[in-house]
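**Q** Got a structure for you, written out below as structure tokens; questions coming shortly.
The values are calculated or read from the model by the stated rules, or taken from the named source; none is laboratory data. If you're wondering where the values come from, they're calculated on a predicted model, not measured in any experiment. Reconstructed Cβ throughout: ideal geometry from the backbone, glycine too, with neighbour counts over all protein chains shown. These area figures cover heavy atoms from the full protein model, side chains too; ligands, DNA and RNA do not enter into them. Shrake-Rupley method; radii C 1.70, N 1.55, O 1.52, S 1.80 Å.
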Number of protein chains: 2
Amino acid sequence: MHVPAEGLPERVTIYEVGARDGLQNEKNVVPVEVKVEFLDRLAGAGLAVLEATSFVHPKWVPQLADAADLLDRLDRRDGVDYPVLVPNERGLDRALDAGVQHIAIFASATETFARKNLNRTLDEQFAMFSPVVKRARGEGLRVRAYVSMAFGDPWEGAVAPAQVAAVGRRLIDMGCWQFSLGDTIGTGTPGHAEAVIDACVAAGLPVDVLAVHFHDTYGQALANTLAALRRGVTTVDASAGGLGGCPYAESATGNLATEDLVWMLDGLGIAHGADLDKLVETSTWMAERLGRPSPSRVVRALAG
Amino acid sequence: MHVPAEGLPERVTIYEVGARDGLQNEKNVVPVEVKVEFLDRLAGAGLAVLEATSFVHPKWVPQLADAADLLDRLDRRDGVDYPVLVPNERGLDRALDAGVQHIAIFASATETFARKNLNRTLDEQFAMFSPVVKRARGEGLRVRAYVSMAFGDPWEGAVAPAQVAAVGRRLIDMGCWQFSLGDTIGTGTPGHAEAVIDACVAAGLPVDVLAVHFHDTYGQALANTLAALRRGVTTVDASAGGLGGCPYAESATGNLATEDLVWMLDGLGIAHGADLDKLVETSTWMAERLGRPSPSRVVRALAG
């Protein structure tokens with residue numbers, strides 16, 4: 001039953017992260033031909049934005065060491081956007097070689113995570129990103145940013161919304177077109193989601209440069225998404241089948257499952273372009289490849 | 001981090017259904033002493049309303065055939081309410097014998113489910129409940145009602161909110177003090193939750209006679225709960241550890257997990273009286289008794 005609710009957007013862009021954020025957290029390396037088929041099936045299911053892979057050094061993310069090969073094999077469809085994660089200038093070189101048109105950089109909202117993940121201070125991370133963003137823009141690429149640990153940080157606890165907004169503001173000022181508020185450890189709740197979005201708007205940012213990236217570690221991802229939609233956010237990151245975990249959170253559950261999001265959007269009559277049956281089919285197929293059931297409630301309910 | 005959101009209640013009553021709705025759906029019968037300890041641990045975790053068992057005929061629900069024995073063994077605490085499901089006059093006799101002070105009846109929002117579950121038409125179910133409610137009230141008992149299939153019905157599809165409200169209205173007029181809107185198959189989404197609540201209010205019912213009972217079959221339970229809270233509902237049914245499924249939905253996942261609800265309420269700064277750590281401890285203990293992990297995201301994240 002389609003029952004719209006008040007104050008929600010008419011259309012949402014699903015930013016699908018399963019092939020990158022999902023598979024980079026898999027213990028086993030998935031064969032490149034499986035990744036290619038996965039992305040192709042996701043495109044076939046109507047998803048128009050598919051983060052395809054990452055040019056992070058293979059030493060850190062061996063699961064995605066095949067990034068160049070993957071992009072070479074992938075039949076990139078018209079009308080589908082295939083952003084790729086790029087950590088630094090070397091990664092940008094590789095992305096440019098592969099003909100990528102949209103990259104994503106991975107920033108931290110907190111001092112501790114910047115040091116642990118990037119070996120930089122919170123401030124120094126911008127100096128690292130700046131030449132990457134500048135050169136990418138000069139080459140005509142779009143640059144998205146992740147703001148990770150935007151809600152809670154395993155070392156620092158709750159993160160001040162104003163601090164998150166300040167990081168986002170610098171990324172936009174630097175030339176990023178969008179940033180995604182990452183609840184990397186999944187501790188956020190709906191009022192907190194509203195507060196972070198409100199802080200970004202108070203920092204002078206239009207709501208349409210915001211995306212949300214909720215993890216379902218504590219079961220809050222969809223409720224937080226609903227709160228974000230009510231605040232006018234129209235880009236939602238999700239992972240087909242709920243693929244992916246977080247190495248910094250002690251839990252098997254990770255990203256918001258695309259299917260669970262689509263079920264809610266369908267119920268609310270919000271357009272998104274994806275075909276739920278094909279998504280469930282794809283995630284069921286992928287779960288077989290990975291040898292374990294999808295954590296998505298919808299996939300479990302419908303895969304029968 | 002506690003971040004209140006606008007338009008939400010300050011306090012919520014958690015109506016804990018794990019011992020009844022959860023355990024009645026277990027394949028194996030749980031020993032009575034485990035049930036007693038489960039209820040006692042839940043009371044110790046601060047839950048003030050615990051649906052304890054059911055006087056449905058053991059032929060239909062053998063898992064709860066020990067209802068009288070359970071209530072006899074249970075040390076009922078002051079300040080804790082232990083409602084018991086009662087299907088008919090025979091069940092009421094047994095509940096009265098056991099010194100129960102609060103019963104719940106199980107009505108259907110749809111014609112088909114009334115026939116399948118109660119062997120009555122939608123109208124006839126009221127004739128069946130009427131003498132039960134009347135006599136229970138005469139004995140000084142409170143009577144809660146469930147309105148099952150209040151969102152979707154596996155045979156009829158989506159259920160009209162006005163029909164649900166009409167069923168609820170008749171139950172309140174009959175003498176029930178509260179009814180719980182049951183999304184028995186878990187298909188509802190937040191706008192639908194709002195529409196059903198609005199229909200009840202439009203039927204002249206004050207919002208405080210409403211409770212919500214969401215199943216997480218499609219991952220929607222917490223988002224729907226958030227929508228219901230925004231509409232002023234202050235009683236939420238949940239099941240410790242997410243115990244319980246629905247025999248009419250093809251999925252392993254069932255009730256909203258109490259812990260996932262508590263995580264959200266804590267984040268929103270909404271008072272509820274329960275202690276999350278003790279709940280997680282209880283559900284972990286129960287999962288060991290049942291021999292499988294809890295489907296609650298919070299229990300999985302914190303039990304590690």
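**Q** Just to be sure, is B:A238 in contact (Cβ under 8 Å) with a residue 40 or more places away in the chain, surrounded by fewer than 24 Cβ atoms within 10 Å (Cβ to Cβ) and either more than 30 Å from B:T112 (Cα to Cα) or of a type in the set (A, V, I, L, M, F, W, C) (or both)? Outline the logic, then answer.
**A** Details: in contact (Cβ under 8 Å) with a residue 40 or more places away in the chain: yes; surrounded by fewer than 24 Cβ atoms within 10 Å (Cβ to Cβ): no; either more than 30 Å from B:T112 (Cα to Cα) or of a type in the set (A, V, I, L, M, F, W, C) (or both): yes.
Against the criterion (in contact (Cβ under 8 Å) with a residue 40 or more places away in the chain, surrounded by fewer than 24 Cβ atoms within 10 Å (Cβ to Cβ) and either more than 30 Å from B:T112 (Cα to Cα) or of a type in the set (A, V, I, L, M, F, W, C) (or both)), B:A238 does not qualify.
**Q** Which members of segment B:156-168 meet the condition of being surrounded by fewer than 18 Cβ atoms within 10 Å (Cβ to Cβ) and either of a type in the set (D, E, K, R) or within 23 Å of B:T13 (Cβ to Cβ) (or both)?
**A** B:E156
**Q** Could you check how many residues of segment B:101-140 are polar (S, T, N, Q), open to solvent by less than 80 Å² (accessible area, probe 1.4 Å) and within 21 Å of B:P154 (Cβ to Cβ)? Steps first, please.
**A** We begin by selecting, within segment B:101-140, every residue polar (S, T, N, Q); these are B:101, B:108, B:110, B:112, B:117, B:119, B:121, B:125, B:130.
Checking which are open to solvent by less than 80 Å² (accessible area, probe 1.4 Å) leaves us with B:108, B:110, B:112, B:117, B:121, B:125, B:130.
If we keep only those that are within 21 Å of B:P154 (Cβ to Cβ) too, we end up with B:108, B:110, B:112, B:117, B:121, B:125.
Of the residues in segment B:101-140, 6 are polar (S, T, N, Q), open to solvent by less than 80 Å² (accessible area, probe 1.4 Å) and within 21 Å of B:P154 (Cβ to Cβ).
**Q** Here is a follow-up. If I ask for residues that are within 13 Å of A:A5 (Cβ to Cβ), within 11 Å of another protein chain (Cβ to nearest Cβ) and among the small types (G, A, S), which ones from segment B:217-245 would you list? Walk me through it before giving the result.
**A** Initially, segment B:217-245 is screened for residues within 13 Å of A:A5 (Cβ to Cβ), giving B:220, B:223-224, B:226-228, B:230-231.
Within this subset, residues satisfying the condition of being within 11 Å of another protein chain (Cβ to nearest Cβ) are B:220, B:223-224, B:226-227, B:230-231.
Across segment B:217-245, the qualifying residues are B:A223, B:A227.
**Q** Out of segment B:255-278, which residues are within 13 Å of another protein chain (Cβ to nearest Cβ) and either aliphatic (A, V, I, L, M) or surrounded by fewer than 24 Cβ atoms within 10 Å (Cβ to Cβ) (or both)? Explain how you work it out, then say what you get.
**A** Taking segment B:255-278 and keeping what is within 13 Å of another protein chain (Cβ to nearest Cβ), we get B:255-270, B:276.
Correct list: B:L256, B:A257, B:L261, B:V262, B:M264, B:L265, B:D266, B:L268, B:G269, B:I270, B:L276.
**Q** Something else about it: Name the residue that is farthest from B:Q125 (Cα to Cα), counting only residues in segment B:173-198 that are in a helix (DSSP H, G or I) and out of contact with any Gly (no Cβ under 9 Å at 6 or more places or on another chain).
**A** Among those residues, the one meeting the criterion is B:E194.
**Q** Answer with yes or no whether A:A301 is out of contact with any Lys or Arg (no Cβ under 9 Å at 6 or more places or on another chain), at pLDDT below 95, within 9 Å of chain B (Cβ to nearest Cβ) and not in a helix (DSSP H, G or I). Break it down stepwise before answering.
**A** Details: out of contact with any Lys or Arg (no Cβ under 9 Å at 6 or more places or on another chain): yes; at pLDDT below 95: yes; within 9 Å of chain B (Cβ to nearest Cβ): yes; not in a helix (DSSP H, G or I): no.
It is false that A:A301 is out of contact with any Lys or Arg (no Cβ under 9 Å at 6 or more places or on another chain), at pLDDT below 95, within 9 Å of chain B (Cβ to nearest Cβ) and not in a helix (DSSP H, G or I).
**Q** Something else: Output the residues belonging to segment A:279-288 that are touching a residue at least 12 places away in the same chain (Cβ under 8 Å) and more than 12 Å from chain B (Cβ to nearest Cβ).
**A** Step one: of segment A:279-288, the residues touching a residue at least 12 places away in the same chain (Cβ under 8 Å) are A:279-287.
Those that are touching a residue at least 12 places away in the same chain (Cβ under 8 Å) and more than 12 Å from chain B (Cβ to nearest Cβ): A:L279, A:E281, A:T282, A:S283, A:T284, A:W285, A:M286, A:A287.
**Q** From B:D153, B:D198, grab the single residue that is of a type in the set (D, E), more than 20 Å from B:A257 (Cα to Cα) and surrounded by fewer than 19 Cβ atoms within 10 Å (Cβ to Cβ). Walk me through how you get there before you give the answer.
**A** Working: B:D153 fails: surrounded by fewer than 19 Cβ atoms within 10 Å (Cβ to Cβ).
After ruling out the rest, the residue left standing is B:D198.
**Q** Here's another thing I want to ask about it. Could you check B:R77 against (1) part of a loop (DSSP other than H, G, I, E, B); (2) open to solvent by less than 30 Å² (accessible area, probe 1.4 Å) and say which number it fails?
**A** That leaves (2) as the condition not met.
**Q** I've got another one for you. A:G291 - would you say it is on the phi > 0 side of the Ramachandran plot and at the interface with another protein chain (Cβ under 10 Å from one of its Cβ atoms)? Before the answer, list the steps.
**A** Numbers: on the phi > 0 side of the Ramachandran plot: yes; at the interface with another protein chain (Cβ under 10 Å from one of its Cβ atoms): no.
Here the answer is no, as A:G291 does not meet what is asked.
**Q** Scanning for something under 18 Å from the mean Cα position of the chain (by Cα), within 14 Å of chain A (Cβ to nearest Cβ), closer than 20 Å to B:N255 by Cα and in contact (Cβ under 8 Å) with a residue 40 or more places away in the chain, does segment B:127-145 turn up at least one residue?
**A** no
**Q** While we're on this one: Take B:D72 and tell me if it is more than 17 Å from B:D21 (Cα to Cα), part of a helix (DSSP H, G or I), open to solvent by 60 Å² or more (accessible area, probe 1.4 Å) and modelled with pLDDT of 95 or more.
**A** Working: more than 17 Å from B:D21 (Cα to Cα): yes; part of a helix (DSSP H, G or I): yes; open to solvent by 60 Å² or more (accessible area, probe 1.4 Å): yes; modelled with pLDDT of 95 or more: yes.
Judged against the criteria, B:D72 is a match.
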